[in-house]
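Okay, structure first, notes after.
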Amino acid sequence: MNNPKRIFLVAVEPSGDALGADLIDALQSAYGDGVEIAGVGGKKMEARGLTSAIDISELAILGLLDGLKSYGTILKRVNETVDAAMDFGADAVVLIDSWGFMIRVAQRLQKRENPPLLVKYVGPQIWAARPKRAHVLAHSVDHLLTIHAFDAPMFEAAGLSTTFVGNPALERPVTGDGAAFRARHGIAPDAPVIGVLFGSRQSERRRIGPVLRDAIALLASRYPDAVFISPMAPAIADDVASDLQADRRMPTIIQVDEGEKRDATSAMTVALAVSGTATTELALAGVPTVATYKLGWLSWFIYRFILFKAKYFSLVNIAADQELIVEHAQTGANGETLTASVGALLSEIESGASRGPALQAAAMAMKGDGQSSARAAKAVIDLTTARHNQD
């Protein structure tokens, strides 16, 4: 009997953890005992039976300066990840997210004797900034699995073999029973429900959380009949709850866990969210959204005026080439501005001109034809088999 393929997955951020969990499901469904899986991940991957080789909670870094402050910890965890992959005897290592962490893991694995096949899952956003990363990645891994169709030509031009698989995040159910959510929580059917999403990183909570609380306080005073709900990422849920409780300006906010997230999303009239995967999910659900982002000033200057080339920072807007998701970053990330934009979206909806259908259409166009995790799993196994046949 053929030996099972040993696949080592690495994800250190919540969005990557979700991709890794989907990939585990696809590998196990298609190949069963023909694969053995180990790696580094969070709660979703651990729920699939993975015992993470390291604790990833300290590795969700936002901004250049935050990364520099944690540099020693990052390098230590990089080396532990490399050792774990080699000790596992990995045939392939799939590096899912977090450019700085993953590229270091890849480059250190390359230097080991008989290194495994190195596959990057989700490429860096070179269409927005740092196009030279395509060449760095081409020299650091064997293959790229990309979630955006427009990525492939750019990376292939740099000499990196690339497979477009699609975006699993857009295939997961994002909507549920909004009416049932309202009924459970005593919310009137016609009450405006404002969703507030604080991100998934501690650094986001610390930097952007105060701005979101400012906006909540202003919105509560201007829209006294509004109901506030907050789906919270597990990694920061307890801390966000403490922040809200300590702020005496806060109205009652219904805090939502993973079990109610889909129903809560369907109950939202509008949303205010830290830019990231959540804004794409809100678009897919057709929820008009204000997205915000804030970095340290030096990091912002470098990103905005030196590195960042795209017109927008929300992926849905970039794909649609128009501002369907309202964006406010840095100086625009303040309570008054965010409140005004949320109010404008509420007024649009009242007038019958909601941008929800346009958001859904743009997100659906990004989705592709589904089965992306299955395609990613097949690509990993096919590449691993090809490597073995060459050897």
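The values are calculated or read from the model by the stated rules, or taken from the named source; none is laboratory data. Keep in mind the model is a prediction, meaning the values are calculated, not measured. Cβ sites come from the backbone with ideal geometry, for glycine too, and all protein chains shown count toward neighbours. With ligands, DNA and RNA removed, areas are computed over all heavy atoms of the protein, side chains included. Shrake-Rupley method; radii C 1.70, N 1.55, O 1.52, S 1.80 Å.
Scanning the range 276-291 for residues that are open to solvent by 10 Å² or more (accessible area, probe 1.4 Å) and assigned to a helix (DSSP H, G or I) yields T277, A278, T280, E281, L284.
Conditions tested, residue by residue: (1) open to solvent by less than 60 Å² (accessible area, probe 1.4 Å); (2) out of contact with any helix residue (DSSP H, G or I) (no Cβ under 9 Å at 6 or more places or on another chain).
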| site | (1), (2) |
| --- | --- |
| S140 | yes, no |
| H148 | yes, no |
| M154 | no, no |
| N167 | yes, no |
| A179 | no, no |
| A183 | no, yes |
| G195 | yes, no |
| L212 | yes, no |
| A215 | yes, no |
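Residues that are open to solvent by less than 30 Å² (accessible area, probe 1.4 Å) and within 25 Å of A237 (Cβ to Cβ) were ranked within the range 71-97; the one that is modelled with the highest pLDDT is I96. Considered as a group, the residues in the range 156-174 that are under 21 Å from the mean Cα position of the chain (by Cα) and part of a helix (DSSP H, G or I) include one that is farthest from A377 (Cα to Cα), and that residue is L170. Candidates in the range 336-354 are the residues that are under 26 Å from the mean Cα position of the chain (by Cα) and at pLDDT 95 or above; of these, the one that is surrounded by the fewest Cβ atoms within 10 Å (Cβ to Cβ) is T337. When H328 is tested against (1) open to solvent by 40 Å² or more (accessible area, probe 1.4 Å); (2) modelled with pLDDT of 90 or more; (3) not hydroxyl-bearing (S, T, Y), exactly one condition is not met: (1).
Among residues belonging to the range 21-47 that are among the charged types (D, E, K, R) and part of a helix (DSSP H, G or I), point out the one that is surrounded by the fewest Cβ atoms within 10 Å (Cβ to Cβ).
Our first condition is that a residue be among the charged types (D, E, K, R); within the range 21-47, this holds for 22, 25, 33, 36, 43-44, 46.
Narrowing the set further to residues that are part of a helix (DSSP H, G or I) leaves 22, 25, 33, 43-44, 46.
On the way: D22: 22, D25: 15, D33: 8, K43: 16, K44: 20, E46: 13.
The extreme case among them is D33.
So which residues in the range 224-275 are in a loop (DSSP other than H, G, I, E, B), crowded, with 18+ Cβ neighbours inside 10 Å and at pLDDT 95 or above, if there are any at all? Even if it seems obvious, please write down each step before you answer.
Taking the range 224-275 and keeping what is in a loop (DSSP other than H, G, I, E, B), we get 224-226, 232-236, 247-252, 257, 268-269, 275.
In the following step, the residues that additionally are crowded, with 18+ Cβ neighbours inside 10 Å were identified as 226, 232-233, 235-236, 268-269, 275.
Those that are in a loop (DSSP other than H, G, I, E, B), crowded, with 18+ Cβ neighbours inside 10 Å and at pLDDT 95 or above: A226, M268, T269.
Taking the conditions exactly as written (under 28 Å from G166 (Cβ atoms) and assigned to a helix (DSSP H, G or I)), does I318 satisfy them or not? Spell out the reasoning first.
Working: under 28 Å from G166 (Cβ atoms): yes; assigned to a helix (DSSP H, G or I): yes.
Here the answer is yes, as I318 does meet what is asked.
Are any of the residues in the range 111-133 within 24 Å of S372 (Cα to Cα), of a type in the set (S, T, Y) and without any contact (Cβ under 8 Å) to a residue 40 or more places away in the chain? The answer is no; no qualifying residue exists. Within the set of pairs 6 or more residues apart or between chains, which connect a residue that is of a type in the set (A, V, I, L, M, F, W, C) inside the range 32-45 to a residue that is in a strand (DSSP E or B) and open to solvent by 20 Å² or more (accessible area, probe 1.4 Å) with Cβ atoms less than 7 Å apart? The qualifying pairs are V35/K5.
All conditions in (1) open to solvent by 30 Å² or more (accessible area, probe 1.4 Å); (2) modelled with pLDDT of 90 or more hold for Q125, with the sole exception of (2).
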